[in-house]
Amino acid sequence: MFNLVIFGGPGSGKGTQSAKLTDHYGLTHISTGDVLRQEMKAGTELGKIAHTYIDHGHLIPDQLMVRILADEIDRLKEGANGFIFDGYPRTINQAEALTAMLEERGCKVDAVVGLEVPDEELTARLLERGKVSGRADDNAETIGERLQVYHQTTQPLKEYYIREGIYRAIPGTGSIDDIFNSIKAEIEACQTHPTPNA
Ligand code: AMP
């Protein structure tokens, strides 16, 4: 099993790069944002709850999010070579829960790839995406809130994973293929030179 967290602000390219990584390494992609959007589309109870947070750019509470992730892992684990976690974790509590969940299954987070993109570029990308995505949260006001939440609550995870020795910073600007090649190089380096506590 090789488990990867793809980390970065909203609009940093996590979904795009996850799709390429899934194809290349045969990993199983779990995007918590996609799971929540499917629930909203299907009009489930969970979807209705998710709406109230997502529309304001706020995070779904940890307890609920951890349960959703555990269900996804259980649903997809059969035959999986490893997972790409996209949009999860977003808080330290979620990261600790992920470590525990993987430990129970005899594995761990092997690498965290952080796509680093300046805020102005994130905003420009999200506004552009909003013209076609149909996502209620890709509008100027909600984007501002999402970036604030990212800096306050999610970005501290970078330090957390640096301390764990598994954070790999990737410049998230430039062409999609160049970014993908940088990610591949980091993954290959970490498979060749595992961290001391690996
Ligand atoms: P994303 O597609 O990853 O940008 O997620 C869209 C929205 O879904 C976020 O702005 C949050 O409201 C919610 N969401 C997705 N993943 C999480 C998570 N791990 N924790 C809390 N909220 C989440």
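Across the stretch 125-147, the qualifying residues are those that are assigned to a helix (DSSP H, G or I) and farther than 24 Å from Ser175 by Cβ, and the one among them that is nearest to the ligand (Cβ to nearest atom) is Arg146. Taking the criterion of being farther than 17 Å from Ile68 by Cβ and within 13 Å of the ligand (Cβ to nearest atom), the only residue of the stretch 80-100 that qualifies is Ile92. Restricting the stretch 23-79 to residues that are assigned to a loop (DSSP other than H, G, I, E, B) and more than 10 Å from the ligand (Cβ to nearest atom), which is least open to solvent (accessible area, probe 1.4 Å)? Applying the filter and picking the extreme gives Leu27. A Cβ distance below 7 Å, combined with a sequence gap of six or more or placement on separate chains, defines the contacts here; from the stretch 84-112, residues that are farther than 13 Å from Glu164 by Cα reach residues that are among the small types (Gly, Ala, Ser) and assigned to a helix (DSSP H, G or I) in the pairs Ile84/Ser18; Asp86/Gly15; Asp86/Ser18; Gly87/Gly33; Pro89/Ala95; Met101/Ala70.
When the stretch 80-120 is filtered for residues that are open to solvent by 50 Å² or more (accessible area, probe 1.4 Å) and hydrophobic (A, V, I, L, M, F, W, C), only Ile92 remains.
Counting the residues of the stretch 2-22 that are among the β-branched types (Val, Ile, Thr) and crowded, with 17+ Cβ neighbours inside 10 Å gives 2.
Sub-7 Å Cβ pairs linking a first residue in the stretch 120-135 that is more than 14 Å from Gly8 (Cα to Cα) to a second residue that is surrounded by fewer than 18 Cβ atoms within 10 Å (Cβ to Cβ), at least 6 apart or interchain, are Leu127/Ala140; Gly130/Asn139, ordered by first then second residue.
The values are calculated or read from the model by the stated rules, or taken from the named source; none is laboratory data. As the structure is a prediction and not an experimental result, all values here were calculated from the model. Note that we place each Cβ from the backbone using ideal geometry, even for glycine, and neighbour counts take in every protein chain shown. Heads up: the accessible areas ignore ligands, DNA and RNA and are worked out on the full protein's heavy atoms, side chains in. Shrake-Rupley method; radii C 1.70, N 1.55, O 1.52, S 1.80 Å.
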